[in-house]
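This report concerns only the one structure given below.
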């Protein structure tokens, strides 16, 4: 109840959700095939912002922000990392 931003701009936190989903997607793409991901990511950064984020992500990285698999893939990445961490703790 003390967080004024929740009332002043209730959709502000969605930026953090998208940021986290994209960070996990970028990590997954880089881990799977860095030679393919890196040049495309650099091209995205060099391009500047001459279109909407949705259009730029689709054009350079073939990421669709409306694709439900973005969420399920993020969850899978988190679960995978948790499993690795649990194995390390068991040692």
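What about residue 29, is it surrounded by 12 or more Cβ atoms within 10 Å (Cβ to Cβ), modelled with pLDDT under 95 and in a helix (DSSP H, G or I)? Working first, answer last.
On the way: surrounded by 12 or more Cβ atoms within 10 Å (Cβ to Cβ): yes; modelled with pLDDT under 95: no; in a helix (DSSP H, G or I): yes.
So residue 29 does not fit the description; no.
With the requirement that a residue be touching a helix residue (DSSP H, G or I) at 6+ places or on another chain (Cβ under 9 Å) and either touching a residue at least 60 places away in the same chain (Cβ under 8 Å) or closer than 24 Å to residue 35 by Cα (or both), what does the range 50-66 give you? First the steps, then the outcome.
Of the residues in the range 50-66, the ones touching a helix residue (DSSP H, G or I) at 6+ places or on another chain (Cβ under 9 Å) are 50-51, 53, 56-57, 59-66.
Within the range 50-66, 53, 56, 57, 59, 60, 61, 62, 63, 64, 65 meet the criteria.
Table: residues versus (1) out of contact with any strand residue (DSSP E or B) (no Cβ under 6 Å at 6 or more places or on another chain); (2) at pLDDT below 95; (3) surrounded by fewer than 14 Cβ atoms within 10 Å (Cβ to Cβ).
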{"residue": "12", "(1), (2), (3)": "yes, yes, yes"}
{"residue": "22", "(1), (2), (3)": "yes, no, no"}
{"residue": "35", "(1), (2), (3)": "yes, no, yes"}
{"residue": "38", "(1), (2), (3)": "yes, no, yes"}
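The values are calculated or read from the model by the stated rules, or taken from the named source; none is laboratory data. What you are looking at is a predicted structure, and each value in this text was computed from that prediction instead of being measured. Backbone-built Cβ (ideal geometry, glycine too); neighbour counts: all protein chains shown.
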